[in-house]
Amino acid sequence: MSQHGQPAGLPDRAGQARAAAEPGAEEKDAGIIEVGEWFGIGNEFTGVQIRKVWTRNGERLELHVPARNYRSLLDAMQLEIIAAQDPAAFTRLFQRQLGSDEMGA
């Protein structure tokens, strides 16, 4: 453990807090008490904005899809479960989400 209670090998939150800002009213309603800087990834089909946020219950990764106004907060356990999935699991999720006729094939 580091001197700030972080597990060894993880960056110190105090260093990250310098880049963080105060949340707006909508964010406070979601339980967010501090926010990091947005960054994004995208392709020809979609774009996603991502940032680290701090809530009363710990750190989360916030995902936002502006085109559809989707928003999600994911904690470390949820991210671990996503990371453990094989590519076929995402293929099935895409098929279900997009209503593909090939489901079950």
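Every number here is computed from the coordinates shown, using simple stated rules; none is lab data. Just so you know, these numbers come straight off a predicted model, no measurement behind them. As a convention, Cβ positions derive from the backbone with ideal geometry for all residues, glycine included, and neighbour counts pool all protein chains shown.
Tabulated data for the structure shown
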{"quantity": "Cβ charges +1 (Lys, Arg) and -1 (Asp, Glu), total dipole of region 13-75, debye", "calculated": "120"}
{"quantity": "Three semi-axes of the equivalent ellipsoid, region 13-75, Cα gyration tensor, whole Å, largest first", "calculated": "21, 13, 10"}
{"quantity": "Modelled FRET efficiency - R0 25 Å, residue 48 with residue 88, Cβ distances, 0.05 increments", "calculated": "0.70"}
{"quantity": "Length added when fully stretched, residue 100-residue 37, from 0.36 nm per residue minus Cα-Cα", "calculated": "19.1 nm"}
{"quantity": "Point-to-point label distance, residue 70-residue 28, nm (Cα→Cβ direction, 7 Å offset)", "calculated": "3.0"}
{"quantity": "Peptide ranges 53-62, 82-91, 67-76 listed from the most packed, as the mean C-beta count within 10 angstrom indicates", "calculated": "53-62, 67-76, 82-91"}
